[in-house]
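J.: To start, I am sharing the structure in question, which I have written as structure tokens.
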Amino acid sequence: MREQERGGAGGREGRQDLPPQSPEEQARAICLRLLTGMPRTRRQLADALAKRGIPEEVSQEVLSRFEEVGLIDDAAFAGAWVESRHRGRGLARRALAQELRTKGVHATLVEEALGQLDSEQEEQTARELVERKLRTTRGLERDKRIRRLAGMLARKGYPEGMALRVVRRALEAEGEDTEDLGYPGG
């Protein structure tokens, strides 16, 4: 009894009876396990397989088969990523493109996915982000407010000109004097 309680030989016998898996079976199991949690790009899965010592040719064969049956679809992944991260985090095209590139999405698929966002939609999101943050900057001097608001947009990937234009308009709507600001779009 004590042997089994400590996880001794009696507790492991069932595992020893299983035949060893082929590299193909291992690769399929790894991919399925990773895809169960969330969608992944082909490169993310290839990296995971390489990290676990799966031979390159086996990895490519399994990944190609997963693409054929629709379990891996980088175009769909990119489209869903852009939609989710723009709506949820307010990220701009530049930040989204960078994230997709780091996940191994091909440049043409990145461009197609970013085509979902037009500049009006991107600017509207920037305005909404500034409106939410504006309240927390009340009472600060104007220049500090501008730096914080424009900095927040810059970290989310918005172009400088758009960021400053949106911040300036938001401050003007609040009654702040922005005449002496030499920022674009005013």
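J.: Using a 1.4 angstrom probe on the protein heavy atoms only, line up Val166, Val69 by accessible area, largest first.
T.: Values: Val166 5, Val69 80 Å².
Result, largest first: Val69, Val166.
J.: Something else now. Work out the P(r) tail for the stretch 123-181: percent of alpha carbon pairs separated by more than 14 Å, whole number. Walk me through the intermediate numbers first.
T.: Details: 783 of 1711 pairs.
Here the tail beyond 14 Å accounts for 46 percent of pairs.
J.: Might you report the magnitude of the Cβ-based charge dipole of the stretch 66-186 about its Cα centre, with Lys and Arg at +1 and Asp and Glu at -1, to the nearest 20 debye? Don't skip to the end; give the middle numbers.
T.: Numbers: 22 positive and 23 negative charges, 157 e Å.
About 760 debye.
J.: With all protein chains present, how much of the accessible area of the stretch 61-186 (probe radius 1.4 Å) comes from carbon and sulfur, to the nearest whole percent?
T.: Working: 3210 of 7050 Å².
The value for the stretch 61-186 is 46 percent carbon and sulfur by accessible area.
J.: Along the charge dipole of the stretch 112-168, pointing to its positive end and built from +1/-1 on Cβ of Lys, Arg, Asp and Glu, which listed residue (Pro159, Leu117, Ile146) has its Cα farthest out?
T.: So the residue furthest toward the plus end is Ile146.
J.: Can you tally the net charge around Arg65? Count Lys and Arg as +1, Asp and Glu as -1, for every other residue whose Cβ sits under 10 Å from the Cβ of Arg65. Intermediate results must be reported in sequence, preceding the final value.
T.: Details: positive: Arg28; negative: Glu24, Glu61, Glu67, Glu68.
Result for the neighbourhood of Arg65: -3.
The values are calculated or read from the model by the stated rules, or taken from the named source; none is laboratory data. Just so you know, these numbers come straight off a predicted model, no measurement behind them. Don't worry about glycine lacking a Cβ; one is built from the backbone with ideal geometry, like all the others, and counts go over all protein chains shown. Side chains included, ligands, DNA and RNA excluded: accessible areas come from the protein's heavy atoms. Shrake-Rupley method; radii C 1.70, N 1.55, O 1.52, S 1.80 Å.
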